[in-house]
Amino acid sequence: DVNGKTYTDVILLEADAKGEISPSIAAALESLTAAPARKAAARPLAALLGKGVQAPWIPFATSSYVALADPPDAGLLRDLARSPSPEIRAAALNGLGRAGDRDAFAVISDALADKNLKVLRAGLFAAGKTRAWDLAPRMIALLETEWTSIDLRAAVAGALREITNQAYGDNPEIWKTWWKDNGSKLVDDNGEVAQQLRGKAEERIRALRFIA
């Protein structure tokens, strides 16, 4: 019984909340991601994560939930994105990006200032997937920092490409010029003007060319 075993595994995790990642915990987590149990696992796993259990395996459980849930509980992921654990924050942000949760702006914005690079990369992924256009200037600024690694610069460029539909790589000067000329014309997926445009209706219509 797949459903019965799934619930048993989640109960095992909950019962051993204070333990280390023992062989039994590892086996339970592995079983939840096995093909037969994937659909059955998401709901009880979400219930477990929602209880705020503190345990060494919670980051792994969060990653498992993000991989299994379709769609995930965006509210739960937003809460997890505020966790003290950078591993949990990163996993939750990746899930919010995959879900395209446009209500996650606050936690995505916080992630772009996170000192943990894994969280920062996950925040960039989520920003791109949710098309958080008003975070673009902060991403461009990241390209000007000396500590930005090659893979992080690639993540910034990828997020900017998803938001703007432009491919200027990791050159901050080109991005700054483009944003100065076009940033105020970006509109969201509902066709609402993102920033107030001064001018006639024709200018607003031309702004639509920046939507995917």
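Only one entry of Arg121, Arg82 meets the criterion of being touching a residue at least 24 places away in the same chain (Cβ under 8 Å), closer than 18 Å to Pro59 by Cα and assigned to a loop (DSSP other than H, G, I, E, B), and that entry is Arg82. For region 100-112, the tally of residues that are crowded, with 21+ Cβ neighbours inside 10 Å and in a helix (DSSP H, G or I) stands at 4. With respect to being under 30 Å from Lys51 (Cα atoms) and free of Cβ contacts under 8 Å to residues at least 60 places away in the same chain, Asp110 fits the description.
Looking at region 143-166, which of its residues are open to solvent by less than 20 Å² (accessible area, probe 1.4 Å) and over 15 Å from Phe105 (Cα atoms)? Quick ask: steps written out before the conclusion?
First pass over region 143-166, keeping only residues open to solvent by less than 20 Å² (accessible area, probe 1.4 Å): 143, 148, 152, 156-160, 163-164.
Leu143, Thr148, Leu152, Val156, Ala157, Gly158, Leu160, Thr164 - these are the residues of region 143-166 that are open to solvent by less than 20 Å² (accessible area, probe 1.4 Å) and over 15 Å from Phe105 (Cα atoms).
Taken as a whole, the condition of being in a loop (DSSP other than H, G, I, E, B) and open to solvent by 40 Å² or more (accessible area, probe 1.4 Å) applies to Lys115. Listed by first and then second residue, the pairs linking a residue in region 41-64 that is closer than 18 Å to Leu96 by Cβ to a residue that is surrounded by 20 or more Cβ atoms within 10 Å (Cβ to Cβ) and of a type in the set (Phe, Trp, Tyr), with Cβ atoms under 9 Å apart and 6 or more places separating them unless they lie on different chains, are Ala42/Tyr65; Leu45/Tyr65; Ala46/Tyr65; Leu49/Tyr65.
The values are calculated or read from the model by the stated rules, or taken from the named source; none is laboratory data. Since this is a predicted model, take the numbers as computed values, not measurements. A quick note on method: Cβ atoms are made from the backbone with ideal geometry, for glycine too, and the neighbour counts reach across all protein chains shown. The protein model used for the area step is the full one, side chains on, heavy atoms only, and it has no ligands, DNA or RNA in it. Shrake-Rupley method; radii C 1.70, N 1.55, O 1.52, S 1.80 Å.
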